[in-house]
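> This structure is in structure tokens; I'll ask about it shortly.
The values are calculated or read from the model by the stated rules, or taken from the named source; none is laboratory data. The model shown is predicted, which means the values in this text are computed figures rather than measured ones. Quick reminder, even Gly has a Cβ in these numbers, built from the backbone with ideal geometry, and neighbours come from all protein chains shown.
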2 protein chains.
Amino acid sequence: MNLTTFVSVFKQQMLSKNKINFILSLQKKKAREEAKLFVIEGDKLVKEFLLAKQPVEMLIAKPEFLNSLPLFHKQGIREVIPAGYDNLKKISSLKTPHNALAVVRMPEIKMDPDDITGGLTVALDFVQDPGNLGTIIRAAAWFGIRNIYCSENCVDVYNPKVIQASMGAILNVRVYYTDLKDLFRAALKNKVRIYGAMLDGESVYSHKLCKTGIIFLGNESKGISEELQPFITDRIMIPRISGTGTGIDSLNVSMAASVIFSEFTRARGRQG
Amino acid sequence: MNLTTFVSVFKQQMLSKNKINFILSLQKKKAREEAKLFVIEGDKLVKEFLLAKQPVEMLIAKPEFLNSLPLFHKQGIREVIPAGYDNLKKISSLKTPHNALAVVRMPEIKMDPDDITGGLTVALDFVQDPGNLGTIIRAAAWFGIRNIYCSENCVDVYNPKVIQASMGAILNVRVYYTDLKDLFRAALKNKVRIYGAMLDGESVYSHKLCKTGIIFLGNESKGISEELQPFITDRIMIPRISGTGTGIDSLNVSMAASVIFSEFTRARGRQG
């Protein structure tokens, strides 16, 4: 597509009421799954997705934003729709919209059982808060963990709040939804250890942490569900220094994840 | 106050329009500072504040919640106002209100310069996101850090979103607002090290971490401001394992805080 056709496409597209409703419908998981599409918001995030050559179906943005994009970024986009603040506000899930919003095709992610034998993997049981899942994805990306397995009742990774919290890290981490029992059975068969974060576990500072293993974290208030606890081979915990006191009964699951990922990283460095 | 008078107080109080407006006004920092009051929301949080004998000026809650409180919890409260869902929704900062909301008097917190010489302290420069400050408070409480010094341009600790994110941890951590330069000068005079989280720092896994020191973290996107960098005695960082890639240019400041607090804790254990 050369510049002339691009500009003409530019003129033809507009944000119809149908499109507004369609984009808004993607805030719901069911609609996302039917359309195999999800929404990302924010200048930086949209640019990162374009840079990573993600399949962007629709880009709705202020003309200034569109003009700031290099042409080759725009070439893969099926529809480009310039919009002002008011229209962006109509389609945004945020109180104050950013300058750009995009509708992106979900990647097809195939599970590869070998993934669990080649390093660290994360398993999440019933993590419900979108901010927590997003933050865990971001921490995983930082610490070089590429695969996160979620129980089916975890919050959807394409929930707008998960995307916001994970930032571009979602581009570097694959998130699967599966029956964790199957995952754990495969792990145990391959002698992969399952490190469960449990309040009665051994200190993560002293427990032996292997280079390969599954870091397993549970629900924000209930922890790891009882039926999954028997799969744990190593119970680990982050020691609390504060003694007892009102209001500090647990670390947030995403903070716990960051600390545990960090400890595995440190241990790995020490080993090799 | 015996049960009879309590019940009669119960009947007299109601949620007037004036009170609704006053409670809503406390969502703004200026009004909070003038009134020296702030708002907490949530069954668990309100109970924790009552248990910790905090000066609750007003408790607005569903009758079921009020009935579930032990009498001695209610004795210190100046006004108890039963309310239904609709009234709670009117005064809540949340989309879906909890069963209880309380207006609490701010504690008078006096800075004690000796605080910085007796263990770990946190200093925050221009941390703007309320969720981040709340999470850092929660992590500090877990790791036994009692004092956080914020630059004047940090988000207000009594912002409703900070309180939500910190949970009851705010009861265990003192948050001061001050000119960080004064704090750092006092620290250096007392030979207290200042550990600044900087992307070009030395790995926190290998750098020597003392039992006493100030852990210093900067703004979410800009890091530590230039004028404060000269005070840093030790530049530390959390090594990134992921290599380079789109979308992982930094760890969230609250995740970084959790990991660094954890490393100091581990180092302290090793020393002793």
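> If B:Asn252 passes every condition in (1) farther than 24 Å from B:Asp114 by Cα; (2) within 14 Å of chain A (Cβ to nearest Cβ); (3) modelled with pLDDT of 95 or more but one, which one does it miss?
(3)
> Out of B:Val192, B:Val173, B:Val204, which single residue is touching a residue at least 40 places away in the same chain (Cβ under 8 Å) and within 14 Å of chain A (Cβ to nearest Cβ)?
Values: B:Val192 fails: within 14 Å of chain A (Cβ to nearest Cβ); B:Val173 fails: touching a residue at least 40 places away in the same chain (Cβ under 8 Å).
None of the others qualify; the one that does is B:Val204.
> Looking at region B:145-181, which of its residues are within 20 Å of B:Thr117 (Cβ to Cβ), surrounded by fewer than 21 Cβ atoms within 10 Å (Cβ to Cβ) and not charged (D, E, K, R)?
B:Tyr176, B:Thr178
> Listed residues B:Val122, B:Val103, B:Val127; which is within 14 Å of another protein chain (Cβ to nearest Cβ) and among the hydrophobic types (A, V, I, L, M, F, W, C)? Explain how you work it out, then say what you get.
Numbers: B:Val103 fails: within 14 Å of another protein chain (Cβ to nearest Cβ); B:Val127 fails: within 14 Å of another protein chain (Cβ to nearest Cβ).
B:Val122 is the lone residue from the list that is within 14 Å of another protein chain (Cβ to nearest Cβ) and among the hydrophobic types (A, V, I, L, M, F, W, C).
> Let me ask something else. What's the total number of residues in region B:88-138 that are of a type in the set (Gly, Ala, Ser) and under 17 Å from B:Phe184 (Cα atoms)? Give the steps one after another, and end with the answer.
Taking region B:88-138 as the starting set, the residues that turn out to be of a type in the set (Gly, Ala, Ser) are B:92-93, B:100, B:102, B:118-119, B:123, B:131, B:134.
Pick out the ones that are also under 17 Å from B:Phe184 (Cα atoms) and you get B:118-119, B:123.
Total satisfying the criteria: 3.
> Which of (1) touching a helix residue (DSSP H, G or I) at 6+ places or on another chain (Cβ under 6 Å); (2) modelled with pLDDT under 95; (3) not in a helix (DSSP H, G or I) does B:Gln54 not meet, given it meets every other one?
Of (1) touching a helix residue (DSSP H, G or I) at 6+ places or on another chain (Cβ under 6 Å); (2) modelled with pLDDT under 95; (3) not in a helix (DSSP H, G or I), only one is false for B:Gln54: (1).
> Mind checking which strands (runs of 3 or more DSSP E) fall wholly inside region B:72-161 and carry at least 3 residues that are under 21 Å from B:Ala197 (Cα atoms) and assigned by TED's automatic domain parsing to the domain that holds B:Glu227? Quick ask: steps written out before the conclusion?
Details: elements: B:79-82, B:100-105, B:120-124, B:147-150.
Once the strands (runs of 3 or more DSSP E) in region B:72-161 are filtered for at least 3 residues that are under 21 Å from B:Ala197 (Cα atoms) and assigned by TED's automatic domain parsing to the domain that holds B:Glu227, what remains is B:120-124, B:147-150.
> Moving on to the next point. Which of the residues that make up region B:178-232 are within 24 Å of the chain's Cα centre (by Cα) and part of a helix (DSSP H, G or I)?
B:Leu180, B:Lys181, B:Asp182, B:Leu183, B:Phe184, B:Ala186, B:Ala187, B:Leu228, listed by residue number.
> So, one more: Just give me the residues in region A:150-170 being more than 11 Å from A:Val127 (Cα to Cα) and among the hydroxyl-bearing types (Ser, Thr, Tyr), in sequence order.
The answer is A:Tyr158, A:Ser166.
> Quick one: which of A:Ile60, A:Ile40, A:Ile20 is farther than 30 Å from A:Glu152 by Cβ and in a strand (DSSP E or B)?
A:Ile60
> What are the residues in region B:114-139 that are surrounded by fewer than 24 Cβ atoms within 10 Å (Cβ to Cβ) and touching a strand residue (DSSP E or B) at 6+ places or on another chain (Cβ under 6 Å), if any?
Within region B:114-139, B:Asp115, B:Phe126 meet the criteria.
> Criterion first (touching a residue at least 60 places away in the same chain (Cβ under 8 Å) and more than 13 Å from every other protein chain (Cβ to nearest Cβ)) does A:Asn153 satisfy it?
Numbers: touching a residue at least 60 places away in the same chain (Cβ under 8 Å): no; more than 13 Å from every other protein chain (Cβ to nearest Cβ): yes.
The answer is no for A:Asn153.
> I've got another one for you. Does A:Ala197 satisfy the criteria of being assigned by TED's automatic domain parsing to the domain that holds A:Ile232 and buried (at least 22 other Cβ atoms within 10 Å of the Cβ)? Step through it out loud before you land on a result.
Working: assigned by TED's automatic domain parsing to the domain that holds A:Ile232: yes; buried (at least 22 other Cβ atoms within 10 Å of the Cβ): yes.
For A:Ala197, the condition - assigned by TED's automatic domain parsing to the domain that holds A:Ile232 and buried (at least 22 other Cβ atoms within 10 Å of the Cβ) - is met.
> In addition: Right, A:Ile163: within 19 Å of A:Lys44 (Cβ to Cβ), of a type outside the set (Lys, Arg), within 14 Å of chain B (Cβ to nearest Cβ) and touching a strand residue (DSSP E or B) at 6+ places or on another chain (Cβ under 8 Å) or not?
Yes.
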